[in-house]
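Comments concern the structure below.
The values are calculated or read from the model by the stated rules, or taken from the named source; none is laboratory data. None of the values given here were measured: they were computed from a predicted structure. Neighbour counts are summed over all protein chains in view; Cβ atoms, including those assigned to glycine, are modelled from backbone coordinates with ideal geometry. The accessibility values were calculated without ligands, DNA or RNA, using every heavy atom of the protein model including side chains. Shrake-Rupley method; radii C 1.70, N 1.55, O 1.52, S 1.80 Å.
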Amino acid sequence: MSRKTIDLWVGIFAVLGIAAIFFLSLRVSTVQTSSGAPYTVYTWFDNIGGLKVRAPVKSSGVVVGRVAGIRLDTQKYRAEVTLAIDPAYPFPRDTVAAILTSGLLGEQYVGLNPGGEDDMLASGDTITMTQSAVVLENLISQFLYNSAANGSGDKSSSQP
Amino acid sequence: MMDWVTEPLRHIGARIINAIWRLGFILRFFAALLLASGQSFTRLHLTLREIWFTGVLSLSIIMVSGMFIGMVLGLQGYEILQRFGSGDALGIMVALSLARELGPVVAGLLFASRAGSAVTAEIGLMKATEQLQAMDMMAVNPLARVAAPRFWGGVISMPLLAAIFSTMGVFGGWLIGVVVIGVDHGSFWSQMQASVDFRIDIVNGFIKSVVFALAVSLIAVFEGYDCHPTAEGVSRAITRTVVQSALTILALDFILTSFMFRGLS
């Protein structure tokens, strides 16, 4: 093998390898194209269900940020969830944060429902209006309780 | 009189001391190699030849194996995921398992057996035929002329090979999942892009492949340089390269994974 052919093959190899790295970073994953450092917003929930760190923050289904941290606030005994939101998406101060589930068995995410106020949330602000995760067990027990109450009510009304 | 007790103990002790001594020796060798590696960048064609030898010649095995691993992941992953009615998530499974684990680890194992063994054999034979000594006589440092270019050639080519391996794997998974089984093309890619994180998955996988490249190249060069200069010694050195590289890759993979991915969700 002459030196020139070796150089040519090494060049082809390097191009292939770099193309593979580009493929992995652009096609397989998504490099964040955000316009800068995300701003953080704090929220408190009564119950976060199965929300995990790094879960997406969505508004109208569009991913606008990630859950940056979850901890239990021992002053209020509520879950403090830190949201890191892309600065390209400003939200009004009266935005409502809710913990929602994508699909029946899907992952949980934080949904932001923007309000109508003119002031925008800045880094370090808190979202006061929140809606906790729906806990399936509570829902089912409520449903059973209601249907049992209705059932007995029907019986008593039909008896006399 | 207590020989049957002390003899095995003494044997174990000797083995442990020998292993620690070898670890110190390989680290000293690594330091000497780094000090002598200036020449492999000033005389770049030495390193380029090794990239050709370890990288370009490993391309076919890496691409074919990556393809097969991806296709197996496609078949097995779909079979498992469709039990939960989430066959569309096949792209996530294929891409994550390749980028995080299989890409760097399997490419590293293949690289160790395809290129590492060849490097050990080459250096070992040079030692057995006293070429290294001859170089030393001519005031050519064999570490700088022989060992360092092979080391850096391996370090440069192995991460590229791992990236090519992962890419071929994703392509193989796509081939089985989308073309053969019929998972939706759009959801295969969009779910993959939504769930694979550049910083956490791709960059960490790349870091893994660089660490494996350093380990495998160092072991391959060291075993060749350290072997007994006989035919049997060279063959033993090659065996040691493959065995130790495999063990080192798997152990390092566990350590790196436990640092990178512990506590994530």
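Points to keep in mind about this one:
- Ranked by the mean number of other Cβ atoms within 10 Å of their residues, highest first, the peptides B:186-199, B:89-102 fall in the order B:89-102, B:186-199.
- For the chain pair B and A, the interface hides roughly 2600 square angstrom of accessible area in total, found with a 1.4 Å probe.
- MRE, 222 nm, helices only [DSSP H, n ≥ 4, -39500 (n - 2.57), over chain B, to nearest 500]: -25000 deg cm²/dmol
- Average beta carbon contacts from partner chains per residue of B:197-206, 10 Å cutoff: 4
- For peptides B:232-239, A:114-121, sequence by mean Cβ density within 10 Å, most packed first: B:232-239, A:114-121
- Residue of B:H185, B:H11, B:H228 that the Gaussian network model of chain B assigns the largest fluctuation, springs spanning Cα pairs under 10 Å: B:H11
- Residue by residue along A:11-23, Cβ atoms of other protein chains within 10 Å of the local Cβ number 6 on average.
- Cα shape, the stretch A:39-135, gyration tensor, a/c 1.5 rule: oblate
- Sorted peptide list for B:208-215, B:43-50, criterion being average Cβ within 10 angstrom, highest first: B:208-215, B:43-50
- Where N is the number of residues in the stretch B:1-151, Cα Rg divided by 2.2 N^0.38 Å: 1.56
- Only aspartates and glutamates eight or more places from A:K4 in sequence, or on another chain, were considered; those with a Cα closer than 20 Å are B:E50.
- Between the C-alpha center of the stretch B:81-150 and that of the stretch B:6-39 there is a gap of 21 Å.
- Counting Cβ atoms of other protein chains within 10 Å of each Cβ in B:153-163 and taking the mean gives 4.
- In this label model, B:V180 and A:T5 are separated by 3.6 nm, measuring between points 7 Å along each Cα→Cβ vector.
- Its alpha carbons considered, the stretch B:180-241 gives a radius of gyration followed by a Dmax of 21.0, 59 Å.
- Most mobile of A:R78, A:R27, A:R66 in a GNM of chain A (Cα contacts under 10 Å): A:R27
- Among residues other than B:K127 with Cβ under 14 Å from its Cβ, the summed charge is -3 (Lys and Arg +1, Asp and Glu -1).
- Partners for A:K76 among lysines (Cα-Cα distance below 24 Å; same-chain residues under 8 apart left out): A:K52
- Within the listed set A:V15, A:V110, A:V81, the Gaussian network model of chain A (springs between alpha-carbon atoms below 10 Å) gives the highest mean-square fluctuation for A:V15.
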